[in-house]
1. More than 18 Å from the chain's Cα centre (by Cα), open to solvent by less than 60 Å² (accessible area, probe 1.4 Å) and modelled with pLDDT of 90 or more, is that true of Ser116?
2. With the stretch 168-263 as the region, which helices (runs of 4 or more DSSP H) entirely inside it contain at least 2 residues that are closer than 29 Å to Asn379 by Cβ and either in contact with a Cys (Cβ under 9 Å, 6 or more places away or on another chain) or free of Cβ contacts under 8 Å to residues at least 60 places away in the same chain (or both)?
3. What are the residues in the stretch 41-87 that are crowded, with 16+ Cβ neighbours inside 10 Å, under 30 Å from Asp133 (Cβ atoms) and among the polar types (S, T, N, Q), if any?
4. What number of residues within the stretch 138-180 are acidic (Asp, Glu) and buried (at least 19 other Cβ atoms within 10 Å of the Cβ)?
5. For the stretch 293-313, give me the residue count where each residue is open to solvent by less than 70 Å² (accessible area, probe 1.4 Å) and closer than 20 Å to Met396 by Cα.
6. Take the stretch 124-151 and flag every residue that is within 30 Å of Asn98 (Cα to Cα), without any contact (Cβ under 8 Å) to a residue 60 or more places away in the chain and touching a helix residue (DSSP H, G or I) at 6+ places or on another chain (Cβ under 8 Å).
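The values are calculated or read from the model by the stated rules, or taken from the named source; none is laboratory data. Please read these numbers as outputs of a predicted model, since none were measured by experiment. All Cβ positions, even for glycine, are placed from backbone atoms using ideal geometry, and neighbour counts span all protein chains on display. We work out accessible area using only protein heavy atoms, side chains counted, and drop any ligands, DNA or RNA first. Shrake-Rupley method; radii C 1.70, N 1.55, O 1.52, S 1.80 Å.
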Amino acid sequence: MVRETNRYFKFDWITILLFLLLAGFGWLNILSASHVGTEVNYFDFSQPYGKQLAFIAFTLVMIVFILAIDAKFYERFASVIYIISMLSLVGLFIFGKNVNGATSWYRIGSFTLQPSEFAKAATALAVAKYVSDLNTNMSFFKDQLKVFAIIATPAVLVLLQNDTGSTIVYGAFFFVLYREGLPKFYLNIAVSLILITILSLKFGAVITSILATVVTIAIYFFNKKKFRIHHLILMLIGAIAISFSIKIFYNNVLQPHQKDRISLWLRLEKDPIKLERMKHTFAYNLNESEKAISSGGLWGKGFMQGTRTTGKFVPEQHTDYIFSTVGEEWGFIGSSMVVLTFLLLLLRILHLAELQKSQFSRIYGYSVAGIVFIHFMINIGMVMGLIPTIGIPLPMFSYGGSGLWAFTILIFIFVKLDSNRINEW
């Protein structure tokens, strides 16, 4: 019998290095975006850069702690961790603090904690635990419903707290499930729903219904795998019903600021006076962010030399709009290097996930990659005006202890699971 002390662990230093590189460079940009004078006191904890430095220091302690725990702990107690996380989300309805319209924070003295950030890692563990169970078969509808419930529970709780951005992140799990055998049918529905929603808002329900009818009939006749005629009729009815329902949902369910952001993104507003008012009110951050990025040129203006950054033209630049600091001060080259570093981290995690002998570790690895990718894609897309404004942070970059620690937990649990790969049979 092999003693525990003889077990072999090998941490993936490429993943660790990429994480530390992103966190360190992120801090430099937070420093640039938040400093208020020529002299900088790095340990001034009244400033965001001072607080973030303390968050990073505690992150290093967390990394050691996470890697010191036995790898099997995370699989064995995945359900317990998930339940505790869900209770922390429920508790926000009673003890939560409202920040910028979202009741997503616990106040502990002068410090605030956002449990929705940590819920992503807990959900990833729960999904990996359930799907990897020997009794689970993703081709069975009852098992699909159960895993959907695991994902939907935190998503709905976060949505009820008016944190739409964090809710969208849970869509990342559908790519994970697709890798584990979820029927392609669900992916087709998701893509179709997104397209119908955009087309309905942009061109109206009638035109969208006609397009949906033409496309559905074309698929029916040109698809090699013929489906039954009643399936065709159901698809047509569903597409048309959704087309006409979208506008009702848009007008009666979404909040005014959400409608205005979507309207600006799709250019729905026709009244020039109202459009200018919306731009001034809701697109100010975006406009200033785009100006900051474009002013950086190829090489950028240099560290702490960005005029729009030091002039505080972009509100909350050290949080959701931190990438605009990268664009202005480090230019296209620096921005490209940041994007490349994120892509390398994602590819490394996916590569390691495929090497796992344990299905639990593989599913968790894909969940980590999916969550990081959704955050990365939405945040940078938002800052550059490619998608509507959605308030989610750039992983390891944006200011905030909750976000940094949550991604630390998310990524380094996988690093620990991967280190145990050689001990798996």
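1. no
2. 173-179, 184-203, 229-252
3. Within the stretch 41-87, just Ser85 meets the criteria.
4. Matching residues across the stretch 138-180 total 1.
5. Residues meeting the conditions: 3.
6. Of everything in the stretch 124-151, those that are within 30 Å of Asn98 (Cα to Cα), without any contact (Cβ under 8 Å) to a residue 60 or more places away in the chain and touching a helix residue (DSSP H, G or I) at 6+ places or on another chain (Cβ under 8 Å) turn out to be Ala126, Ile151.
Let's see how each residue does on (1) open to solvent by 10 Å² or more (accessible area, probe 1.4 Å); (2) under 25 Å from Gln255 (Cα atoms); (3) in contact with a Phe, Trp or Tyr (Cβ under 8 Å, 6 or more places away or on another chain):
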| site | (1), (2), (3) |
| --- | --- |
| Ile363 | no, no, no |
| Val368 | no, no, yes |
| Ile374 | yes, yes, no |
| Asn379 | no, yes, yes |
| Leu386 | yes, yes, no |
| Ile390 | yes, yes, no |
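Yes/no per residue for (1) touching a strand residue (DSSP E or B) at 6+ places or on another chain (Cβ under 8 Å); (2) among the aliphatic types (A, V, I, L, M):
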| site | (1), (2) |
| --- | --- |
| Thr103 | yes, no |
| Arg107 | yes, no |
| Ser139 | no, no |
| Ala155 | no, yes |
